[in-house]
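The values are calculated or read from the model by the stated rules, or taken from the named source; none is laboratory data. For clarity, every value in this text was computed on a predicted model and none was experimentally measured. Using ideal geometry, Cβ is built from the backbone for each residue, glycine included, and neighbour counts are taken over all protein chains shown. Heavy atoms of the whole protein, side chains included, go into the accessibility calculation; ligands, DNA and RNA do not. Shrake-Rupley method; radii C 1.70, N 1.55, O 1.52, S 1.80 Å.
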Amino acid sequence: MTNERAIVEQGYDAMADAYLDYIDQTTGDPRLRFLDQLLARLQPGSQVVDLGCGAGIPCTARLA
């Protein structure tokens, strides 16, 4: 693993719990509304690339 990659990985690991706590306290989180709009437009069997969905909760879990 490159040094730059390790630095980014350590940064994400260090803030992951705080990010999830913040998201849990967010009311009216628009991500789920946007995700529902996306899912309504996809054809069955579509493939989606997830780029930067934070911890992947709840978006990536719903896409799976």
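See the values below:
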quantity: Between helix 30-41 and the chain: long-axis angle, C-alpha atoms, 0 to 90°, nearest 10; calculated: 50
quantity: Acute angle (nearest 10 degrees) that the helix 3-24 long axis makes with the longest principal axis of the chain, alpha-carbon atoms; calculated: 50
quantity: Of all accessible heavy-atom area on the chain, the percent that carbon and sulfur account for (1.4 Å); calculated: 56
quantity: Global form of the chain, assessed from the alpha-carbon gyration tensor, a/c cut-off 1.5; calculated: oblate
quantity: Local electrostatic count, residue 37, Cβ distance below 15 Å [Lys/Arg +1, Asp/Glu -1]; calculated: +2
quantity: Distance in nm between pseudo-label sites at residue 63 and residue 2 (7 Å out along the Cβ direction from Cα); calculated: 2.3
quantity: Cα-centre dipole for the chain with unit charges at Cβ (Lys and Arg positive, Asp and Glu negative), debye to 20; calculated: 400
